[in-house]
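Structure first, commentary second.
The values are calculated or read from the model by the stated rules, or taken from the named source; none is laboratory data. On a predicted model such as this, the values are computed, not experimentally measured, just so you know. Please note: Cβ atoms are built from the backbone with ideal geometry, for glycine as well, and neighbour counts cover all protein chains shown.
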Ligand code: FAD
């Protein structure tokens with residue numbers, strides 16, 4: 001009987017345990033992607049980026065003689081009807097770890113199993129399943145470094161090659177057209193401006209990994225802090241959609257480490273930050289929606305997303321060059337350098353005393369590498385409300401940070417056009433991407449700071465003190 005391979009955030013053919021198992025089962029394999037409410041509700045940029053990934057995967061499957069079947073609707077209902085139509089004896093998928101997916105997948109598994117279908121979930125999105133990493137006293141890690149120490153020496157199975165042959169059914173179930181799904185509909189920022197900044201699909205992701213390990217990993221420890229330099233892998237957009245597996249990254253990093261590449265260990269550590277974020281989301285799902293440390297519940301954040309300061313932050317016109325450069329980088333490319341993410345998040349939650357959820361939501365709308373676990377952890381880290389977070393009294397100074405990490409002004413010039421005689425192409429592209437109603441032009445005078453940095457810092461510290469932190 002056929003196996004339905006239900007694809008979600010595992011949009012690749014290599015190192016794909018669920019796909020391997022489906023092929024090994026013997027019958028035809030029917031790869032399916034379902035546009036359910038969860039996918040519909042994605043932010044503009046991640047949804048658009050997902051559409052591009054599906055298109056690429058569809059082509060890769062076609063090259064392998066197979067297909068990607070697209071269906072819209074409630075996943076449970078769609079799978080049941082596909083099982084009935086195709087006579088499938090098995091439904092396989094790779095696990096997700098957010099609470100909504102867990103609940104849905106459990107119900108589907110129970111229901112299908114009760115009707116005699118072999119419904120099974122596989123690993124693939126993480127290096128270590130969350131229930132396999134425990135502290136000495138039991139329970140999950142709330143602090144990163146001990147978790148790193150616990151997993152750094154673990155064996156991680158060698159990545160599996162893509163199956164040589166994907167068996168196909170005699171009759172394919174009907175598929176919808178990807179173009180009808182309008183995955184880019186909410187992408188107001190010029191999609192054509194954003195497109196050149198994406199590396200879509202498995203082949204590009206593998207090339208990116210190879211380039212990074214060949215060229216950049218040695219200098220990663222230093223270069224990763226410099227937003228003006230391409231010193232990081234850029235793989236987050238591929239990892240979040242599963243266009244590459246974390247095992248493939250881990251093994252490439254380990255090889256580089258054995259060959260003596262200096263930055264390799266630092267990079268492996270970053271992969272474990274991703275694991276840390278996932279483990280936290282699995283064990284404490286409220287990290288997605290509420291202060292992880294509940295004592296922050298009574299803190300008087302600004303919760304008005306239409307506050308002029310918040311709007312200035314979103315539109316990259318706070319008058320603070322590091323912040324504005326970073327917000328514009330994200331709007332154009334769908335990406336933002338990690339140091340810049342820390343700066344803009346600190347600035348929003350501290351200098352502007354605005355709730356991290358507002359920043360989390362804006363990132364969710366703008367990032368093509370949006371990831372539920374890493375985004376939530378990153379925001380709560382910056383705000384001080386999260387596990388292993390930056391101490392609340394640590395308020396990044398975006399001016400000194402810019403001097404330190406962008407000493408020659410490469411990054412700020414790349415993204416800020418105002419006041420420059422011949423602005424960089426990238427800085428101009430921002431004005432091509434933004435909606436007209438923002439009323440910004442490259443010829444404007446660069447704005448004065450909406451909040452003086454020193455004043456903002458003092459105000460935040462006074463508020464923490466008043467709260468008794
Ligand atoms: P590299 O430096 O090459 O690192 C390799 C991989 O390790 C990354 O691709 C990523 O998967 C993982 N990684 C690196 N740093 C982190 C980190 N701090 N936390 C978790 N995983 C990490 N990352 C996302 O993938 N999606 C998000 O939505 C996201 N939102 C963030 C929000 C805030 C406020 C902050 C501070 C960080 C956020 N990050 C997010 C983490 C980090 O900024 C990005 O993963 C990183 O910039 C991606 O660039 P890269 O692929 O070149 O990473």
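For residue 253, the conditions (1) in a helix (DSSP H, G or I); (2) modelled with pLDDT of 95 or more; (3) more than 19 Å from residue 15 (Cβ to Cβ) all hold with the exception of (3). Of all residues in the range 398-407, none satisfies being more than 17 Å from residue 328 (Cβ to Cβ), assigned to a loop (DSSP other than H, G, I, E, B) and touching a residue at least 40 places away in the same chain (Cβ under 8 Å). In the set (1) assigned to a loop (DSSP other than H, G, I, E, B); (2) touching a residue at least 12 places away in the same chain (Cβ under 8 Å); (3) away from the ligand (no atom under 16 Å from the Cβ), the condition left unmet by residue 414 is number (1). Set side by side, the residues 356, 379 differ, and just one is under 25 Å from residue 125 (Cα atoms), outside the structural domain of residue 45 (by TED's automatic domain parsing) and within 11 Å of the ligand (Cβ to nearest atom), which is 379.
Scanning the range 360-376 for residues that are near the ligand (Cβ under 7 Å from one of its atoms) and either part of a helix (DSSP H, G or I) or within 17 Å of residue 303 (Cβ to Cβ) (or both) yields a count of 3. Only one entry in 226, 209 is surrounded by fewer than 22 Cβ atoms within 10 Å (Cβ to Cβ), in a loop (DSSP other than H, G, I, E, B) and at negative phi, namely 226. Per the listing 439, 457, the residue uniquely out of contact with any helix residue (DSSP H, G or I) (no Cβ under 6 Å at 6 or more places or on another chain), closer than 29 Å to residue 301 by Cα and surrounded by 14 or more Cβ atoms within 10 Å (Cβ to Cβ) is 457.
On the basis of being assigned by TED's automatic domain parsing to the domain that holds residue 459, closer than 13 Å to residue 382 by Cβ and outside any helix (DSSP H, G or I), does residue 342 make the cut? It would help to see each step written out before you state the result.
Values: assigned by TED's automatic domain parsing to the domain that holds residue 459: yes; closer than 13 Å to residue 382 by Cβ: yes; outside any helix (DSSP H, G or I): no.
No: the conditions fail for residue 342.
Which of the numbered conditions does residue 259 fail, given that it passes all the others? Conditions: (1) within 27 Å of residue 143 (Cβ to Cβ); (2) away from the ligand (no atom under 11 Å from the Cβ); (3) modelled with pLDDT of 95 or more. Here residue 259 meets the rest and fails (1).
With respect to (1) assigned to a helix (DSSP H, G or I); (2) in the same structural domain as residue 18 (by TED's automatic domain parsing); (3) surrounded by 12 or more Cβ atoms within 10 Å (Cβ to Cβ), the lone exception for residue 103 is condition (3).
All of 172, 148 fail the test of being at pLDDT 95 or above and either surrounded by fewer than 12 Cβ atoms within 10 Å (Cβ to Cβ) or within 22 Å of the chain's Cα centre (by Cα) (or both), apart from 148.
Of the residues making up the range 262-290, those that are surrounded by fewer than 20 Cβ atoms within 10 Å (Cβ to Cβ) and assigned to a loop (DSSP other than H, G, I, E, B) are 262, 284, 289, 290. Candidates 310, 323: the one that is in contact with a helix residue (DSSP H, G or I) (Cβ under 7 Å, 6 or more places away or on another chain) and crowded, with 24+ Cβ neighbours inside 10 Å is 323.
As a summary of the residue check, residue 318 satisfies the conditions (1) crowded, with 24+ Cβ neighbours inside 10 Å; (2) part of a helix (DSSP H, G or I) except for the one numbered (2).
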